[in-house]
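In what follows, a single structure is set out as structure tokens and then discussed.
What follows is calculated from the coordinates using simple rules that are stated; it is not laboratory data. These numbers were taken from a predicted model, which means no experiment stands behind them. Cβ: placed from backbone, ideal geometry, glycine included. Neighbour counts: every protein chain shown.
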Amino acid sequence: MTVAEVTTLKTEIKELIIQTLNIKNIQPEQVPDSIPLFSKENILNLDSIDGIELVMAIQEKFQVRIADQNVARNVLESVDSIAEFLIREKGL
């Protein structure tokens, strides 16, 4: 996968997060790639319910299976970790 393709994937992930959680006033380019999604340092300010919604949205959009909550916790660490999971699972 090229750098441009990874960048596009990360933008898709950010757009999915914003749309799924109905986040207002935040653009995809404002969401950091490496800062943990559930930390206070992240602009998104997510909680555990958001995590459940994100798992379902990722599974549906990208046709992957996130097997259990321990896997989900690792996958949802950051935009980078979601992208890495999708690349690995989809063989991109």
| field | the stretch 1-20 residues that are more than 22 Å from V55 (Cβ to Cβ), paired with ones that are among the aliphatic types (A, V, I, L, M) and part of a helix (DSSP H, G or I) (beta carbon under 9 Å, 6 or more apart) | value | M1/L9; M1/I87
| note | The condition from (1) in contact with a helix residue (DSSP H, G or I) (Cβ under 8 Å, 6 or more places away or on another chain); (2) in a loop (DSSP other than H, G, I, E, B); (3) charged (D, E, K, R) that E77 misses is numbered (1)
| Residue within the stretch 78-90 that is within 11 Å of the chain's Cα centre (by Cα), closer than 17 Å to K14 by Cα and among the acidic types (D, E) present | yes
| field | Subset tally (residues that are within 14 Å of V75 (Cβ to Cβ) and either among the hydroxyl-bearing types (S, T, Y) or not in a loop (DSSP other than H, G, I, E, B) (or both)) for the stretch 31-46 | value | 0
| Which residues, counting only those in the stretch 24-82, are under 25 Å from V3 (Cα atoms), among the hydroxyl-bearing types (S, T, Y) and either without any contact (Cβ under 8 Å) to a residue 24 or more places away in the chain or surrounded by 12 or more Cβ atoms within 10 Å (Cβ to Cβ) (or both)? | S78, S81
